[in-house]
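A quick write-up on the structure given underneath.
The values are calculated or read from the model by the stated rules, or taken from the named source; none is laboratory data. All values derive from a computational prediction rather than experimental measurement. Positions of Cβ are generated from backbone atoms using ideal geometry, with glycine treated the same way; all protein chains shown enter the neighbour counts. What goes into the accessible areas is simple: the full protein's heavy atoms, side chains included, and nothing from ligands, DNA or RNA. Shrake-Rupley method; radii C 1.70, N 1.55, O 1.52, S 1.80 Å.
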Amino acid sequence: MSEQTPLVGQRGSGGPFVTLVTGTEGPRQRAPRPVVYGMALAQFGLFVALLAPVTVSLALKVQTLVPAADAAAATGGVLSAAAFVALIANPVIGRLSDLTLSRWGRRRPWMFGGAVGFVVALAIVALAPSVPVVLAGWALAQLTGNMILAPLLTTIADQVPEEQRASVSANVGVMQNLGILAAAYVASWFVSNMLLLFVLPAAFAFLTVALYCFILPDKPITKRPETGGWKVFVMTFWVNPLKHPDFAWVWISRFLVVLAMFLFITFRLFFLQKEVHLETGAAVGALTTGVLINTIALVVFAKIGGWLSDKTSNRKGFVIAATAIFAIGTALLAVTHDVPMFYVVEAVMGIGYGVYTAVDTALVVDVLPNPDDSAKDLGVLNIANALPQSLAGSVGAILLGLGGGTENYGALFWGAGIVAFLGAVTILPVRSVAQRHAEGHN
């Protein structure tokens, strides 16, 4: 099929739309391999740098600035406060990228500019002399990281047709966890060198994102769609749950699953130190091995789950089953007190989360209210990724404090397991692919 000229007009939903690749229905041809591989590599590079602090690096940095007894609370506070920046930045930047007029396209200017700022932000964190400066640097990292992430994930909707989405979307989960794995190894290599611990992953992210910007066929638009002013612009971040119930249920489910995940990730290092009784170096080593086990399970089952979902056109069943498995693994942490059992739990969680990330991302793209406003709607959905991160620190502190004290890890992980199980339940009302097609939806 030959390339089509970008168009601007009105579709039945009444909203502005822009067709960039194959007309009003989105891409129809399979995305070329350089785009798919470049997208995956950029995701990997970004996730290495963005998730390293969440997983290990910030905890190690904060432990150099405050007493050991205060480190968990201080780390949770930094992560929670800065996550609010991501909460706002992701949908706003996603919407702005939809409306961007540039000879370089809609997505590339944001990704490249964000990559430059991201290196600066993590350098500030690495050199920070106090927790407030760490917070300022990490907040800037959240802003610039989402300048990359929002348009990067939107290129799935821009470039990938429906029948290829689960397979390509599986890369998001795979690369996210490969990024966590790489971050854990970086932490073990540079545990005493804060500058390399933060700046080296940031530089790698810059290189991979810049490469994807070069590969990406990001078609420019010739006329900015009418937004109706700032009031209408702000209102576009509201998606009516009664009009779009599938999107609403998927949003709630994503919120719950991500909250459960970050209740684990935020306190994992401290859990190994307090409950498994490991010193810092041994805890980082156990964490690294656990992430390796988790990643192997995740990569294998993400690919299997994504492939089976595309072949069977079944999204719901896979998401529900995967979320239930993940919930079981999370709850098992409540009765884990040694390293071997910790590794078993990491494997179970990897299996569940691997299938979940592959198929749930495809389900999200399938139920977008307006595919032509994909970045805006994915930005709204990404609030369900960012908001739980901002709440995980405070919710975790409440659970850890149940019964007195600050180290009730049993309550923390039973609570996380219940939250994840509710994430499975909330997928039940979502209509199947066949139902949506029969009703004339994507």
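With a simple spin-label model that places each label point 7 Å from the Cα along the Cα-to-Cβ direction, the separation between Ile328 and Val425 comes to 1.9 nm.
Neighbours of Phe271 by Cβ distance under 13 Å: Lys/Arg scored +1, Asp/Glu scored -1, total -2. Maximal additional length on extending the Leu242-Val191 stretch stands at 13.4 nm, based on 0.36 nm per residue less the C-alpha distance. Taking a span of 18 Å or more along the helix axis (Cα atoms) and a mean Kyte-Doolittle hydropathy of at least 0.5 as the rule, the DSSP H helices of the chain that qualify are 33-52, 68-98, 108-127, 131-159, 194-215, 245-274, 280-312, 316-332, 339-366, 374-400, 409-425. Summing charges over neighbours of Ala184, with a neighbour being any other residue whose Cβ is under 13 Å away from its Cβ, gives 0 when K and R count +1 and D and E count -1. Using r as the Cβ-Cβ distance of Ile215 and Ala69, and R0 as 35 Å, what FRET efficiency do you calculate, to the nearest 0.05? The computed FRET efficiency comes out at 0.10. Per residue, the convex hull spanned by the alpha carbons of the chain comes to 129 Å³. Note on Glu279 and Phe84: their simple-model spin labels are 4.0 nm apart, each label 7 Å out from Cα toward Cβ. The simple spin-label model puts a point 7 Å past each Cα toward its Cβ; for Met341 and Leu402 those points are separated by 1.8 nm. Accessible surface of Phe255, taken over heavy atoms with a 1.4 Å probe and every protein chain present, rounds to 40 Å².
The count of lysine pairs in the chain that are at least 8 places apart or cross chains, and whose C-alpha atoms lie under 22 Å apart, stands at 10. Estimated at the nearest 10 Å², the accessible area of Tyr37 is 140 Å² with a 1.4 Å probe. Using a probe of 1.4 Å on the protein chains alone, the accessible area found for Lys61 is around 10 Å². Our estimate of slack between Thr222 and Trp104, defined as 0.36 nm per intervening residue step minus the Cα-Cα distance, is 41.3 nm. Can you tell me the FRET efficiency between Ile296 and Arg33 if r is taken as the Cβ-Cβ distance and R0 is 41 Å, rounded to the nearest 0.05? Computed FRET efficiency for Ile296 and Arg33: 0.95.
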